[in-house]
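Visitor: Before we start, here is the structure in question, set down as structure tokens.
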Amino acid sequence: MLNVTNLSFSVTVDGKRRDIIRQVDLTVPDGKLVVITGPNGSGKSTLAKLIAGIETPTAGRVIFNGEDVTALPIHERARRGIAFAFQQPVRFKGIRVLDLIRIATGKSLSAADACEYLSAVGLCAREYIDREVNASLSGGELKRIEIATVLARGAGLSIFDEPEAGIDLWSFQNLIAVFQKMRANIQNSSILVISHQERILNIADEIVVLKDGAIDRQGPRQAILPTLTGTMDLGCHKQMNAQGGCAGC
Amino acid sequence: MLKLDEIQKRLLREVADLHQVPEGAYNIRSNGQSAGRQSTANIEITSKTDVSGLEVRIKPFTKNESVHIPVVMTESGMKEVVYNDFYVGEGADVVIVAGCGIDNCGNQDSQHDGIHRFFVGKNAKLKYVEKHYGSGEGSGKRILNPGTEVYQEKGSTVEMEMVQIKGVDDTKRTTTARLAAGAKLLVRERLMTHGEQNAVSTYVVTLDGPDASADVVSRSVARDKSFQKFDAKIVGNAPCHGHTECDSIIMDEGRILAVPGLEANHVDAALVHEAAIGKIAGEQIVKLMTLGLTEQEAEEQIINGFLQ
């Protein structure tokens, strides 16, 4: 269970203070899939990074499973069970897919066991397990490997920052299936997804709408989703269908 | 024969992955003396008579055999130059594992200069692995200056893997190669320097025959106050393909000079060079930290992967 209280984050640009996240209160209960949505620049990704420890808040607290983790560095939060899938996955020369999955599990996993995580994201494991996580992989392949590393963490809280960004329509449909499967198997853990995608919002238990760095509204999907129809998601959805990709997001 | 102490055995493990006497042909040189040698029906190892060194003759069409010629030095202040010649017969397919490990606990410099010449016959295939390693707490330097000359006949393939990861204070590596028609050369160099180490690696690869090709790739890491120079030149004298690449990570106060060079003397010589030097990307460290590694563990993981 994640509790964020009064969380704020500001930066100083050209001598002027700019508030990116403003006094956010948020709870992600165990067993739930929560989606944070909102227009571009509303602070969604920054909020996710503050929870994972990648950015340091100006004020407020992040409580994970009852422990105040606000002052803990990224790896300490990771070890306590917070996993993070990047919007733009990082490439590494010389580090293989298998290496990343092994690091994620913290075990010297056999290649066969590591393959299960790749199969779960729809990659033919045998083809990918020994490949380097470098520029030879496409954006969609990288994205799926990124999600596989988060699955491999078996974390208490899995955060996905715009999992749909940069992947093709075919991969996107598989991605929804991956989230549905994850959703079916969370009892003592939770999932937090940053997304504008209607189809991801459709599988949420709860939706949080962020606007100008503050929570505009939040609640069960049934209550929030109808209020979003006709706004940013639909536009994005049309673009996706027409182009086979979500370039505008 | 083959009486090695624990330090010598450790050096052998580092440079040749040897835990015991190797299979196939071998010569183990320890502190300037031969500590063991074996020839086989197809591979003959003899000592040179004029200078210090070996002649290794591999019969034509010898397949799937290996030659190990590791060198270990544990006496401080020792300096030696060794000339080894390898004749790989037509159509042979063999692996040669060389390597030098120096443990210097004293205050005098220890130096091994290995001059290796390879004469690779028509359509022969050679894989050459060379590892360098230094250890010991003494103030004396550990110096290795390998010189490698490769002469490739028509249709031959040479794959060279050169590794120097730890402990060598000063190295000047010079590699030259001449390739006849259809010959192929692949070089993979991995280098890490630290402390105040100095490493200079120079390549001149000449593609003389039509369809000859060369791919020279160096990956290196310069840490602390170390310095590296990578100077790779490919000369195309015929319709040929050449590619050289230097990819480096720089850390601390390290310095790297990359000097890629191409010389095309034929209109159909296709030559390409690439060079990139940069520090570890912050986002790579962050990604590995989100998987539970500390910053230092993440850095080590990235370097290990890069040099793999």
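The values are calculated or read from the model by the stated rules, or taken from the named source; none is laboratory data. Keep in mind that what you see is a predicted model, and the values were worked out from it rather than measured. Neighbour counts run over all protein chains shown; Cβ positions are idealised from the backbone, glycine included. Only protein heavy atoms, including side chains, enter the accessible area calculation; ligands, DNA and RNA are left aside. Shrake-Rupley method; radii C 1.70, N 1.55, O 1.52, S 1.80 Å.
Visitor: Which pairs in the list A:Lys32/A:Lys143; B:Lys48/B:Lys184; A:Lys107/A:Lys143; B:Lys141/B:Lys172; A:Lys107/B:Lys279 are over 19 Å apart, alpha-carbon to alpha-carbon?
Guide: In this structure, A:Lys32/A:Lys143; B:Lys48/B:Lys184; A:Lys107/A:Lys143; A:Lys107/B:Lys279 lie more than 19 Å apart at Cα.
Visitor: Please report, ordered by residue number, every helix of chain A (full DSSP H runs) that is 18 Å or longer along its axis going by C-alpha atoms and whose mean Kyte-Doolittle hydropathy reaches -1.0.
Guide: Within chain A the helices that satisfy the rule are A:139-153, A:169-184.
Visitor: Here's a follow-up. Any chance you could run the full-extension gain for B:Asp85 through B:Asp113? It's 0.36 nm times the residue separation minus the Cα-Cα distance, nm to one decimal.
Guide: 8.7 nm
Visitor: Heavy-atom accessible area per residue, chain B, 1.4 Å probe: how many Å²?
Guide: 43 Å²
Visitor: Let me ask another. Using the beta-carbon distance between A:Asn40 and A:Arg131 and R0 = 41 Å, what value does 1/(1 + (r/R0)^6) give for FRET efficiency, to the nearest 0.05?
Guide: Given R0 = 41 Å and the Cβ-Cβ separation, E is 0.80.
Visitor: Next up: Based on the Cβ-Cβ distance of A:Val13 and A:Arg217, what FRET efficiency does E = 1/(1 + (r/R0)^6) give at R0 = 25 Å, to the nearest 0.05?
Guide: For R0 = 25 Å, the calculated efficiency reads 0.30.
Visitor: Give the long-range amide H neighbours of B:Asp211: residues separated by 5 or more places, or on another chain, with amide H under 5 Å away, using H modelled in the peptide plane at 1.01 Å from N.
Guide: Here B:Gly182, B:Cys240 satisfy the definition.
Visitor: Now for a separate question. Given 10 Å bins starting at zero, what is the percent of C-alpha pairs of the protein assembly as shown in each, up to the one with the largest pair distance?
Guide: Reading the bins upward from 0: 3, 15, 21, 20, 15, 13, 9, 3, 0, 0.
Visitor: Residue by residue, what Karplus-based ³J(HN,Hα) values in Hz, rounded to whole numbers, does segment A:156-164 have, using 6.51, -1.76 and 1.60 with θ = phi - 60° and x for Gly and Pro?
Guide: Per-residue couplings from phi come out as x, 9, 10, 9, 10, 8, 6, x, 7 Hz.
Visitor: Further question on the same structure: Hey, got a sec? Which trypsin sites (Lys or Arg not before Pro) in segment B:48-83 land in a DSSP loop and have at most 16 other Cβ atoms within 10 Å?
Guide: The qualifying sites are B:Lys48.
Visitor: With r as the distance between the Cβ atoms of A:Lys107 and B:Glu300 and R0 = 30 Å, compute the FRET efficiency 1/(1 + (r/R0)^6) and round to 0.05.
Guide: It comes out at approximately 0.95.
Visitor: Here's a follow-up. Given the rule -39500 (n - 2.57) for each run of at least 4 DSSP H residues, summed and divided by the residues of chain A, what is its mean residue ellipticity at 222 nm, to the nearest 500 deg cm²/dmol?
Guide: Result for chain A, helices only: -10500 deg cm²/dmol.
Visitor: What accessible area per residue comes out for chain A, rounded to a whole number of Å², with a 1.4 Å probe?
Guide: 43 Å²
Visitor: Here's something else I'd like to know. Partner chain Cβ atoms within 10 Å, averaged over the residues of A:87-94 - can you pull that number for me?
Guide: Mean number of neighbouring Cβ atoms from other chains: 6.
Visitor: Applying the Karplus parametrisation 6.51 cos²θ - 1.76 cosθ + 1.60 with θ = phi - 60° to the phi angles of segment B:49-55, what ³J(HN,Hα) value in whole Hz is obtained for each residue in order, glycine and proline being reported as x?
Guide: Working through the residues one at a time gives 9, 7, 10, 6, x, 10, 10 Hz.
Visitor: Positive end of the charge dipole of chain B (Lys, Arg +1 and Asp, Glu -1 on Cβ, about the Cα centre): tell me which of B:Ala264, B:Asn64, B:Leu291 has its Cα farthest that way.
Guide: Ranked along the dipole, the leading option is B:Asn64.
Visitor: To continue, here is another question. Which GluC sites (Glu not before Pro) does segment B:64-137 hold that lie in a coil by DSSP with at most 14 other beta carbons within 10 Å?
Guide: B:Glu137
Visitor: Take the alpha-carbon centre of segment B:179-203, take the same for segment A:169-188, and report the distance between them in whole Å.
Guide: 47 Å
Visitor: Of B:Ala183, B:Ala298, B:Ala214, which is the most mobile in a GNM of chain B whose springs link Cα atoms less than 10 angstrom apart?
Guide: Between B:Ala183, B:Ala298, B:Ala214, it is B:Ala298 that shows the largest mean-square fluctuation.
Visitor: Around B:Tyr128, which amide H atoms from residues at least 5 apart in sequence, or from another chain, sit under 5 Å from its own amide H, with H modelled in the peptide plane?
Guide: The answer is B:Ile96, B:Glu159, B:Met160, B:Glu161.
Visitor: While we're looking at this one, here's another question. Mean-square fluctuation check for chain A, GNM, Cα pairs under 10 Å: which of A:Ile191, A:Ile207, A:Ile103 is largest?
Guide: Fluctuation is largest for A:Ile103.
Visitor: Grab the Cα-Cα distance for B:Ser47 and B:Ser139, subtract it from 0.36 nm times how many residues apart they are, and report the gain in nm with one decimal.
Guide: Contour length minus Cα-Cα distance gives 29.8 nm.
Visitor: Could I ask something else about it? Counting only DSSP beta bridges with both residues in chain A, tell me the antiparallel percent, nearest 5.
Guide: Given both bridge residues lie in chain A, the antiparallel proportion sits at roughly 60 percent.
Visitor: Could you give each residue of segment A:74-87 its phi-based ³J(HN,Hα) in whole Hz, using Karplus coefficients 6.51, -1.76, 1.60 with θ = phi - 60°, and x for Gly or Pro?
Guide: 3, 5, 5, 5, 4, 5, 7, x, 9, 10, 9, 9, 6, 4
Visitor: Taking only Cα atoms and a 10 Å spring cutoff, compute GNM fluctuations for chain B and point out the largest among B:Ala180, B:Ala270, B:Ala222.
Guide: Comparing B:Ala180, B:Ala270, B:Ala222 in the GNM, the peak value goes to B:Ala270.
Visitor: Computed over the Cα atoms, what is the radius of gyration of segment B:1-97 divided by 2.2 N^0.38 Å, N being its residue count?
Guide: 1.09
Visitor: Please get the size of the charge dipole for the protein assembly as shown, origin at its Cα centre, with Cβ charges of +1 on Lys and Arg and -1 on Asp and Glu, quoted in debye to the nearest 20.
Guide: Approximately 700 debye in magnitude.
Visitor: What is the Å³ per residue value for the convex hull set by the Cα atoms of segment B:38-86?
Guide: 89 Å³
Visitor: In Å³ and rounded to a whole number, note down the convex hull volume per residue for the Cα atoms of segment A:100-187.
Guide: For segment A:100-187, the hull spanned by Cα atoms encloses 98 Å³ per residue.
Visitor: Let me have the 222 nm mean residue ellipticity of chain B computed from DSSP H runs of 4+ only, each contributing -39500 (n - 2.57), with the sum over all residues rounded to the nearest 500.
Guide: -3000 deg cm²/dmol
Visitor: Now, a different point. Any idea how far apart B:Arg255 and B:Lys229 come out in nm if each label point goes 7 Å out from Cα toward Cβ?
Guide: 1.1 nm
Visitor: Inverting the mean 1/r over all pairs of different Cα atoms, compute the Kirkwood radius of chain A and quote it in Å.
Guide: Computed over chain A, the radius equals 18.5 Å.
Visitor: Can you tell me what percent of all Cα-Cα pairs in segment B:6-306 are more than 26 Å apart?
Guide: In whole percent, the long-distance tail amounts to 48.
Visitor: Using the basic label-point model (7 angstrom from Cα toward the beta carbon), what is the B:Lys122 to A:Asn174 distance in nanometres?
Guide: Distance between the two pseudo-spin positions: 5.0 nm.
Visitor: Next question, about the same structure. Just which residues of segment A:100-115 lose 50 Å² or more accessible area with every protein chain there, against their chain alone, with the probe set to 1.4 Å?
Guide: Buried on complex formation: A:Ile103.
Visitor: I want the antiparallel fraction of DSSP beta bridges within segment B:6-306, as a percent rounded to 5.
Guide: 5 percent
Visitor: Across peptide B:281-288, how many C-beta atoms of other chains are within 10 Å of each residue C-beta, on average?
Guide: Whole-number average of other-chain Cβ neighbours for B:281-288 is 6.
Visitor: Another question, if that's okay. Which far-off residues, 5 or more places away or on another chain, put their amide H under 5 Å from the one on B:His273, with H placed in the peptide plane?
Guide: When sequence neighbours closer than 5 places are left aside, the close amide H contacts are B:Thr244.
Visitor: What is the antiparallel percent of DSSP beta bridges lying wholly in the protein assembly as shown, to the nearest 5?
Guide: 20 percent
Visitor: Show me the trypsin sites (Lys or Arg not before Pro) within segment A:119-199 that DSSP assigns to loop and that have at most 16 other Cβ atoms within 10 Å of their Cβ.
Guide: Those satisfying the criteria are A:Arg131.
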